[in-house]
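The next block holds one structure in the form of structure tokens; read it before the comments.
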Amino acid sequence: MTEPHTDAASAFEPNGYNDGGEDFAFSPEELTDWVEGLVAMLESVDRSQNQYWCSQWWNHPEAVDRLRGLYEQWLEAQANGGMSSWWIDHFDRHAAVLFARRGPFGECGSTHAVKTTRRTLATEQPPVGWEW
């Protein structure tokens, strides 16, 4: 029997990113170009409605992961049809978090605001013998 990995966070980052250099179907430059194109056409982010954007989106780890996931789904929708579903099932759901007052960009105004403390959740190991 294999010993369980004791530090899962060090092995894999969110969205399956492996620090070991796992290859993705697109480069960071392609993601950057896509985000810039997407943002250039958005008309629905309104600060008066407590919606926020940060021009340094790449400086927000959660936002990067969400945008990377959106791009992956966008590529699939482009290849297989289904852009309407992409907007409703993917973009709208992520946008509700990304642009929210309490979302990754909520502390940013017209410029990037460096967070003095990252708001991250903590986890603890379950007790020995824990089962589900």
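The values are calculated or read from the model by the stated rules, or taken from the named source; none is laboratory data. Just so it is clear, the structure is predicted and the values come from calculations on it, not from any experiment. Counting neighbours? That spans all protein chains shown, and the Cβs are built from the backbone with ideal geometry, glycine included. Ligands, DNA and RNA are excluded from the accessible area calculation, which covers all protein heavy atoms including side chains. Shrake-Rupley method; radii C 1.70, N 1.55, O 1.52, S 1.80 Å.
Figure legend. Inter-residue proximity from segment 24-45: first residues closer than 15 Å to residue 70 by Cα and of a type outside the set (Asp, Glu), second residues open to solvent by 90 Å² or more (accessible area, probe 1.4 Å) and part of a loop (DSSP other than H, G, I, E, B), beta-carbon distance below 8 Å, spacing 6+ or different chains. No pairs are indicated. Residue 67 fulfils the conditions (1) open to solvent by less than 90 Å² (accessible area, probe 1.4 Å); (2) of a type outside the set (S, T, N, Q); (3) within 17 Å of residue 97 (Cβ to Cβ); (4) at pLDDT below 85 except for a single criterion, (4).
Close Cβ contacts (under 8 Å, 6 or more residues apart or on different chains) running from residues in segment 115-132 that are at pLDDT below 75 to residues that are surrounded by 10 or more Cβ atoms within 10 Å (Cβ to Cβ) comprise 115/107.
Taken as a whole, segment 104-118 holds no residue that is open to solvent by less than 80 Å² (accessible area, probe 1.4 Å) and assigned to a helix (DSSP H, G or I).
Examine segment 18-36 for a residue that is closer than 30 Å to residue 128 by Cα, part of a loop (DSSP other than H, G, I, E, B) and modelled with pLDDT under 90, and state whether such a residue exists. Yes, there is a match, as at least one residue in segment 18-36 is closer than 30 Å to residue 128 by Cα, part of a loop (DSSP other than H, G, I, E, B) and modelled with pLDDT under 90. Restricting 77, 100 to residues that are open to solvent by less than 50 Å² (accessible area, probe 1.4 Å) and in contact with a strand residue (DSSP E or B) (Cβ under 8 Å, 6 or more places away or on another chain) narrows the list to 100.
Consider segment 37-64 and keep the residues that are farther than 16 Å from residue 93 by Cα and open to solvent by less than 30 Å² (accessible area, probe 1.4 Å). The one that is modelled with the highest pLDDT is 57.
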